[in-house]
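All remarks here apply to the structure that follows.
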Amino acid sequence: MMMNKMILFSAFLFVLMSDSPRKAEVILSDDDYELVFSDEFNLPNGSQPDSRIWSRKTRNPDQCNRWNSDSEKVVFIKNGHLVCRAIPNRSEPNDTARMLTGSIWTYGKYNVTYGRIEVRMKTNNKVGNFPAAWLKWQPRNWTTDPYAEIDIVEMFGNMGSANHNIHSQLTVKNPKHGQKNSFRVPLDVKKWHVYAIEWTPTYVTWTIDGKPVGTYKKSTDPKLLREGQWTFDQPCYIVLNQSVGDGSIKGIGRYRNTTYETQFDYIRIYQKVKR
């Protein structure tokens, strides 16, 4: 099945689709949602991701972003897939990073509030592997605004599992928050899977290949809400990345002097049809 359809959203021209959606989702009907954003990564081999949508994510000291690089060796299109890599730094003598890692984001170009967001991807199963597809609130003030992050999926080292996490102001600031905000599913991550969230004003549900694996709900407790149990009503940007662990997070392990690679087949966003 083939289709060619140009997606227009918020007066912005997005990417040309060339494949019809794979029938993997079972909990939503076509009447519930409509496609509003898509990147199928169907550019010529060696291309960079569409610059109208994506930029390279900036480097900062945290584990996920400490070695982000602008090198074309760590982010590129191949055979209709986005390839993100982490490679030993043998080509950038003026860069002190031990590894060069590939990460792209839609920061300042596209954001989303609510909807069904799905990513089809596969990765390595190696010690030190740390790829992810995730959303983060773009705050007005980075130091005072509450924290909000939704991890569609993360992979930790060679654990052979999909990890789904959500981080609110409460869960970040209070280690004894008591919220079930993490879900782990044993899985062959070397194979293609569709990882998705359904994000609404009252809950986030994660699915793998259409099967629900966990839900985080907005509390009805006023005290918890004041403490930031639910901080997920704001626009978020998208991040797709391949990072490596430093040994500080259980299960990921410390990176090895080797190449890590994650491939993304597509990202698609659906939102509720207004009737």
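If a/c stays under 1.5 just call it rounded; otherwise compare a/b with b/c (prolate if a/b is bigger, oblate if not). Do that for segment 42-110, with a ≥ b ≥ c from the square roots of the Cα gyration tensor eigenvalues.
Numbers: a/c = 2.39, a/b = 1.35, b/c = 1.77.
Here segment 42-110 falls in the oblate category.
Given 5 Å bins starting at zero, what is the percent of C-alpha pairs of segment 107-266 in each, up to the one with the largest pair distance?
That works out to 2, 9, 18, 21, 20, 16, 11, 4, 1, 0, in percent per bin.
Pairs LYS191/LYS217; LYS176/LYS250; LYS78/LYS272; LYS122/LYS218: which exceed 21 Å Cα-Cα? Intermediate values should be presented prior to the final figure.
Working: LYS191/LYS217 30 Å; LYS176/LYS250 18 Å; LYS78/LYS272 32 Å; LYS122/LYS218 30 Å.
Beyond 21 Å between Cα atoms: LYS191/LYS217; LYS78/LYS272; LYS122/LYS218.
Hey, can you rank 144-151, 93-100 by average C-beta count inside 10 Å, highest first?
On the way: 144-151: 17.4, 93-100: 13.1.
Those peptides, ordered most packed to least, come out 144-151, 93-100.
State whether segment 27-78 is rounded, prolate or oblate according to the following rule on the C-alpha gyration tensor (a ≥ b ≥ c being the square roots of its eigenvalues): a/c under 1.5 gives rounded; otherwise a/b larger than b/c gives prolate, and the remaining case gives oblate. Can you show the working numbers first?
Numbers: a/c = 3.11, a/b = 1.62, b/c = 1.91.
In terms of gyration-tensor shape, oblate.
Could you work out how much longer the chain between ASN125 and ILE249 gets when fully extended? Use 0.36 nm per residue separation minus the Cα distance between them, nm to one decimal.
Details: separation 124, 0.36 × 124 = 44.64 nm, distance 1.61 nm.
Separation in residues times 0.36 nm, less the Cα-Cα distance, equals 43.0 nm.
Apply 1/(1 + (r/R0)^6) to the Cβ-Cβ distance of ARG90 and ARG184, taking R0 = 41 Å, and write down the FRET efficiency to the nearest 0.05.
Working from the Cβ atoms, E equals 0.75.
Output the peptides 252-265, 120-133 sorted from most to least packed, where packing is the average of other Cβ atoms within 10 Å over each peptide's residues. Provide the component values of the computation, followed by the final result.
Numbers: 252-265: 19.0, 120-133: 22.6.
Ranking, from highest mean packing down: 120-133, 252-265.
What distance in nm separates the two pseudo spin-label positions at ARG66 and LYS176, each 7 Å out from Cα along the beta-carbon direction?
3.0 nm
What list of ³J(HN,Hα) couplings, whole Hz, do you get for segment 172-186 from phi and the Karplus terms 6.51, -1.76, 1.60, once you set θ to phi - 60° and write x for glycine and proline?
With coefficients 6.51, -1.76 and 1.60, one gets 6, 8, 10, x, 9, 5, x, 8, 7, 10, 9, 9, 10, 10, x Hz.
Could you list the square roots of 5 times each eigenvalue of the Cα gyration tensor of segment 32-173, that is, the equivalent ellipsoid semi-axes, sorted largest first and rounded to whole Å?
Working: eigenvalues 115, 84, 58 Å².
Equivalent-ellipsoid dimensions as semi-axes: 24, 20, 17 Å.
How large is ³J(HN,Hα), in whole Hz, for each residue of segment 217-225 in order, when computed from phi with the Karplus curve 6.51 cos²θ - 1.76 cosθ + 1.60 and θ = phi - 60°, using x for Gly and Pro?
Couplings: 10, 5, 5, 9, 7, x, 5, 5, 5 Hz.
Quick check: residue separation of VAL273 and ASN79 times 0.36 nm, minus the Cα distance between them. What number comes out in nm?
Values: separation 194, 0.36 × 194 = 69.84 nm, distance 3.29 nm.
The span from VAL273 to ASN79 would gain 66.6 nm if fully extended.
Taking every pair of Cα atoms in segment 131-173, average 1/r, invert it to obtain the Kirkwood radius, and report Rg/Rh to two decimals. List each step's numbers first, then the result.
Numbers: Rg = 12.4 Å, Rh = 11.5 Å.
Radius of gyration over Kirkwood radius for segment 131-173 works out to 1.07.
Quick one: give the max-minus-min coordinate of the C-alpha atoms of segment 2-272 along each principal axis, largest first, in Å.
Its Cα atoms span 54, 47, 37 Å along the three principal axes.
What number, rounded to the nearest 500 deg cm²/dmol, is the helix-based mean residue ellipticity at 222 nm of the chain, given -39500 (n - 2.57) per DSSP H run of at least four residues and division by all its residues? Intermediate results must be reported in sequence, preceding the final value.
Numbers: 2 runs with 10 residues, N = 275.
Here the helix-only value at 222 nm equals -500 deg cm²/dmol.
Values in this text are rule-based calculations from the coordinates and carry no lab data. Treat the numbers as computed from the prediction; the structure is a model and nothing was measured. With ideal geometry, Cβ positions are generated from the backbone for all residues, glycine too; neighbour counts draw on all protein chains shown.
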